[in-house]
Every structure is written in C-alpha cells, then in structure tokens.
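Some notes on the structure that comes next.
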Amino acid sequence: MKKSLSWANSLDWFMALLALVAGLAVLQTFVVGKHYIIPSILLVVTVLLGNLAWYGLTQTNWAKRVNFWCGFLLTAHGLFALFWSKRYREVLGDQFEVICLALTLLFFGLTWMYAKQNRLFVKA
C-alpha cells in the first residue's frame with residue numbers, strides 16, 4: 001500500500017472526511033432532530049462515501065477513478081459558483097470571490113495531483 005498521506009490519496013482522505021461529517025449529520029438529525037427518514041437518506045450517503053474512501057485507500061482502480069470524477073465535479077461546481085452563485089455570494093458577502101476562488105483552486109490542485117500521482121489517464 002502506498003504512503004497513506006500523499007497526493008495519491010488526497011481525494012480518498014477527503015471522501016473519508018465527508019463520510020465522517022455525513023455520519024455525524026446522521027447522529028445529529030436522529031438524536032437531536034428526532035427525524036427518522038432524513039438520517040436514513042444521510043446514512044446511504046455516508047456508506048457510499050465511506051466505501052469510496054476505503055477502496056480508494058486500498059488502491060482499487062475503480063474507486064480511484066470515481067474519486068477523481070467527484071473531485072472534478074467539485075472543481076466545476078466551484079468554478080460555476082464563482083460566476084453564477086447568488087446564495088453563496090449573499091452568505092459570504094465581500095469575501096465570496098476570495099473564498100470561492102481559493103476553494104476552486106484547492107480542489108483543482110488536489111484533483112490534478114491525484115490523477116497525476118495515480119496515473120489515471122496514462123495508457124499502459
């Protein structure tokens with residue numbers, strides 16, 4: 001197995017972080033919010049993200065590719081939000097452009113280095 005904390009595992013760890021946040025959201029909506037349907041839906045998301053993280057960290061090729069495309073979509077979301085978002089602009093105010101651009105560049109860098117280190121699009 002490759003070194004755990006490296007560019008080759010960056011999106012895998014990001015998926016693990018999202019799974020952890022989604023798991024905490026399941027507990028919060030079930031215990032505090034007293035909801036029963038919403039935690040079930042969040043649990044599905046938690047299981048999917050957790051599996052993507054696990055199989056990505058074990059160097060499974062299909063999981064690496066799915067994690068790459070998730071990173072690509074997050075980058076595209078940030079780029080589109082930079083130009084057309086109303087809600088984020090209202091919430092963040094004058095700092096919107098700086099925060100959105102920084103996050104977009106961060107996800108672009110993570111996704112690019114992830115694909116490069118894992119040789120996802122290099123023909124063998």
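Kindly evaluate residue 40 against the criterion of being small (Gly, Ala, Ser), within 18 Å of the chain's Cα centre (by Cα) and modelled with pLDDT under 95. Here the answer is no, as residue 40 does not meet what is asked. Any chance the range 57-64 includes a residue that's free of Cβ contacts under 8 Å to residues at least 12 places away in the same chain and more than 14 Å from residue 12 (Cβ to Cβ)? Within the range 57-64, not a single residue is free of Cβ contacts under 8 Å to residues at least 12 places away in the same chain and more than 14 Å from residue 12 (Cβ to Cβ). Scan the range 52-96 for residues that are over 19 Å from residue 115 (Cα atoms) and of a type in the set (S, T, N, Q) and the total you get is 2. For first residues located in the range 29-44 and under 16 Å from residue 19 (Cβ atoms), partners that are aromatic (Phe, Trp, Tyr) and lie 6+ apart or on another chain with Cβ distances below 6 Å form the pairs 39/30.
Being assigned to a helix (DSSP H, G or I), exposed (fewer than 14 other Cβ atoms within 10 Å of the Cβ), modelled with pLDDT of 95 or more and of a type in the set (Gly, Ala, Ser) is a property that residue 102 has.
Would you confirm, using the coordinates I've provided, whether residue 88 is touching a Cys at 6+ places or on another chain (Cβ under 7 Å) and not acidic (Asp, Glu)? Yes, satisfied.
When the criteria are applied in full, residue 112 meets the requirement of being under 19 Å from residue 6 (Cα atoms), free of Cβ contacts under 8 Å to residues at least 12 places away in the same chain and out of contact with any strand residue (DSSP E or B) (no Cβ under 7 Å at 6 or more places or on another chain). Inspection of the range 115-124 finds no residue satisfying the criterion of being at positive phi, within 18 Å of the chain's Cα centre (by Cα), polar (S, T, N, Q) and not in a helix (DSSP H, G or I).
Restricted to the range 70-90, and to residues there that are assigned to a helix (DSSP H, G or I) and loosely packed, with under 11 Cβ neighbours inside 10 Å, the residue that is farthest from the chain's Cα centre (by Cα) is 90.
Among the residues of the range 1-28, those that are of a type in the set (Gly, Ala, Ser) and either touching a Leu at 6+ places or on another chain (Cβ under 6 Å) or in contact (Cβ under 8 Å) with a residue 40 or more places away in the chain (or both) comprise 4, 6, 8, 10, 16, 19, 22, 25. If you go through the range 31-69 and keep only what is among the small types (Gly, Ala, Ser), in a helix (DSSP H, G or I) and surrounded by fewer than 16 Cβ atoms within 10 Å (Cβ to Cβ), you end up with just 40.
In this structure, is residue 82 in contact with a Ser or Thr (Cβ under 7 Å, 6 or more places away or on another chain) and touching a residue at least 40 places away in the same chain (Cβ under 8 Å)?
Judged against the criteria, residue 82 is not a match.
The values are calculated or read from the model by the stated rules, or taken from the named source; none is laboratory data. This one's a predicted model, so the numbers in the text were calculated from it and none came from an experiment. Neighbour counts are summed over all protein chains in view; Cβ atoms, including those assigned to glycine, are modelled from backbone coordinates with ideal geometry.
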